[in-house]
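Here the structure comes first, spelled out in structure tokens, and everything after it is commentary.
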Amino acid sequence: MKKLWGGRFTKSAEQWVDEFGASISFDQELVEEDIQGSLAHVTMLGKCGILLEDEVETIKQGLHVLLEKAKKQELAYTAAYEDIHLNLEKMLIDEIGPVGGKLHTGRSRNDQVATDMHLYLRKHVQEIITLINELQDAIIKQAEVNVETIVPGYTHLQRAQPISFAHHLLAYYWMLERDKERFTESLKRINISPLGAGALAGTTFPIDRHYTAGLLGFEGIYENSIDAVSDRDFIVEFLSNSSMTMMHLSRLCEELILWSSQEFGFVEIDDRFATGSSIMPQKKNPDMAELIRGKTGRVYGNLFGLLTVLKGTPLAYNKDMQEDKEGMFDTAQTLTGSLKIFSGMINTLTVNSEAMSKATKQDFSNATELADYLASKGLPFRDAHEIVGKLVLQCIEKGIFLLDLPLEDYQEASHLFGEDIYKVLDPYNAINRRNIAGGTGFSEIKKVLVNIKNKNK
């Protein structure tokens with residue numbers, strides 16, 4: 001089969017070599033973007049008088065036919081034509097005749113594929129931002145009904161201080177807010193056009209790059225033709241931002257997995273996001289959370305893979321850069337799927353507030369309240385810390401908790417303790433007093449929720 005670029009060659013590669021070098025098995029994902037770019041390019045060729053009006057219209061009609069077939073998945077691709085660009089060019093020529101070959105005037109596959117990927121990522125990043133918003137909405141809804149749900153807060157996976165469950169959930173809201181800001185900021189670098197840069201040096205044809213950029217909705221063009229075809233920073237940035245988001249999702253997955261275990265019993269994941277065992281009939285496994293946790297490593301791999309590909313490639317385009325696409329496609333698919341699953345899991349999550357509250361009364365997470373109590377009465381905090389540490393040890397030796405310790409034992413440890421100490425130790429009161437900005441106090445959380453909702457209107 002004659003290659004579209006084969007004029008200089010006297011020998012043809014064997015089929016297995018063609019298949020090894022071809023990218024059509026995965027870059028067909030760019031079919032609609034490639035046709036979109038071609039429609040803008042041929043429109044510009046007509047405007048600039050490079051092609052005749054009837055040639056432009058014929059090519060446009062052919063491209064629209066291919067676009068409709070692409071949407072219906074009726075196009076048949078072949079590795080013999082290597083990539084999405086040559087496959088579509090051959091299909092266009094078959095559809096409308098030799099005039100289809102004029103479409104490639106004034107451009108290269110190098111700027112063509114770069115344009116496709118900019119269009120692809122713009123679309124998917126906008127979708128990801130929408131999905132992050134939906135997950136944040138799900139978190140807000142759970143937070144609103146769990147402001148006064150008390151749960152142990154942990155450091156080092158050891159119980160530390162009682163907190164509001166809403167406060168814990170909202171920590172993830174703010175992580176996602178930063179993720180959303182990073183993706184939004186990245187659109188400035190995604191939404192620029194490399195089209196018309198040619199292979200690396202531009203073209204002698206009097207094309208109008210700003211015109212095609214406007215037709216494609218880009219905010220500007222690359223000012224350097226070499227940079228235009230060499231730049232993959234925007235993909236690396238996308239993979240980096242995606243890795244960060246997946247890391248945040250994975251952390252919440254880990255907590256959902258722990259909280260839904262029998263040992264914790266704090267939450268129950270809806271049946272729609274769990275699976276059973278093929279041998280143990282009682283099992284309910286948090287498989288979707290585990291999968292997202294596992295897929296996080298996959299997204300990290302895509303980031304490091306592309307960084308490694310790019311680290312030794314000289315300017316301008318090199319065949320190595322064909323390896324920029326599969327990881328990008330996979331990450332976009334993985335992240336969008338994970339965000340959709342997560343919104344469902346959070347929206348349908350059952351919270352066992354009784355188990356959470358009970359846990360805060362069977363630990364020493366209220367010990368800091370004692371130290372703060374003594375410090376508020378003038379005792380240096382380090383001295384208060386030591387006294388409370390000894391009281392905790394005393395309770396451990398007796399097999400009781402701080403709320404069970406008699407008042408005389410407290411007053412023997414320090415004359416500063418009064419009868420009000422039991423109110424101070426109550427987890428509800430401990431949380432309710434923490435109403436500093438950003439704290440876990442109930443009134444502070446309600447204020448934050450109001451601010452969030454007003455900001456998002």
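Rule-based calculations on the coordinates, nothing more; no lab input. Remember, it's a predicted structure, so these values are computed and weren't measured experimentally. Cβ sites come from the backbone with ideal geometry, for glycine too, and all protein chains shown count toward neighbours.
So who's got an amide H within less than 5 Å of the one on Asn352, skipping anything under 5 residues away but keeping other chains? H placed 1.01 Å off N, in plane.
Sorted by chain and number, the residues that satisfy this are Val267, Glu268.
Given Cα pairs under 8 Å that are at least 6 residues apart, what percent is the relative contact order of the chain?
16
Tell me which trypsin sites (Lys or Arg not before Pro) from the stretch 382-454 have a DSSP coil assignment and no more than 15 other beta carbons within 10 Å of their own.
Of the trypsin sites (Lys or Arg not before Pro), the ones in loops of the stretch 382-454 whose Cβ has at most 15 other Cβ atoms within 10 Å are Arg433.
Under the rule that an exposed site lies in a DSSP loop and has at most 10 other Cβ atoms within 10 Å, name the longest stretch of the chain with no chymotrypsin sites (Phe, Trp or Tyr not before Pro) of that kind, not counting the sites themselves. Before the final figure, lay out each step's value.
On the way: sites that count: Trp5, Phe9.
Counting at most 10 other Cβ atoms within 10 Å as exposed, the longest clean stretch of the chain is 10-457.
Find out how many positive minus negative residues lie around Thr336, taking Lys and Arg as positive, Asp and Glu as negative, among other residues whose Cβ is under 15 Å from that of Thr336.
+1
Relative contact order for the stretch 358-455: what percent, with Cα pairs under 8 Å and sequence separation of 6 or more? Could you put the intermediate results ahead of the total?
Numbers: 81 pairs, mean separation 23.7, N = 98.
Once normalised by length, the contact order is 24 percent.
What are the ³J(HN,Hα) values, in whole Hz, obtained from phi via the Karplus relation 6.51 cos²θ - 1.76 cosθ + 1.60 with θ = phi - 60°, for each residue of the stretch 413-419 in sequence order, with x given for Gly and Pro?
Rounded to whole hertz, the list is 6, 7, 6, 6, 6, x, 5.
If you average the C-alpha positions of the stretch 62-128 and of the stretch 367-418 separately, how far apart do those two centres end up, in angstrom?
Value for the Cα centre distance between the two parts: 74 Å.
Which order do the peptides 191-202, 46-57 take when ranked by the mean count of other beta-carbon atoms within 10 Å per residue, highest first?
Sorting 191-202, 46-57 by mean packing, highest first, produces 191-202, 46-57.
May I ask you to derive the relative contact order of the stretch 110-357, considering only C-alpha pairs under 8 Å and at least 6 residues apart, and to give it as an integer percent?
That works out to 24 percent.
Give a quick list of GluC sites (Glu not before Pro) in the stretch 201-264 that DSSP marks as loop, anything other than H, G, I, E or B, with at most 11 other Cβ atoms within 10 Å.
Those that pass, being in a loop and sparsely packed, are Glu223, Glu263.
Let me know the whole percent of all Cα-Cα pairs from the stretch 229-371 that are separated by more than 25 Å.
When every Cα pair of the stretch 229-371 is considered, 47 percent fall beyond 25 Å.
Taking other Cβ within 10 Å of each residue's Cβ, how do Lys295, Lys69 sort, fewest first?
Going from sparsest to densest Cβ surroundings: Lys69, Lys295.
Excluding Arg182 itself, calculate the net charge of residues whose Cβ lies under 13 Å from the Cβ of Arg182, where each Lys or Arg counts +1 and each Asp or Glu counts -1.
My count for the surroundings of Arg182 gives -1.
Apply the Karplus parameterisation 6.51 cos²θ - 1.76 cosθ + 1.60, with θ equal to phi minus 60°, to every residue of the stretch 366-375 and state each ³J(HN,Hα) to the nearest whole Hz, in sequence, with x for glycine and proline.
9, 4, 4, 4, 5, 4, 5, 4, 5, 5
Scan the stretch 351-457 for GluC sites (Glu not before Pro) in coil per DSSP, keeping those whose Cβ has at most 15 other Cβ atoms within 10 Å, and list them by number.
Glu419
State the dimensionless ratio Rg/Rh of the chain (Rg: radius of gyration of Cα atoms; Rh: Kirkwood radius).
Using Cα coordinates only, the ratio equals 1.16.
Please state the equivalent ellipsoid semi-axes for the stretch 121-188: what are the square roots of 5 times the Cα gyration tensor eigenvalues, largest first, in whole Å?
Listed largest to smallest, the semi-axes of the stretch 121-188 are 30, 14, 7 Å.
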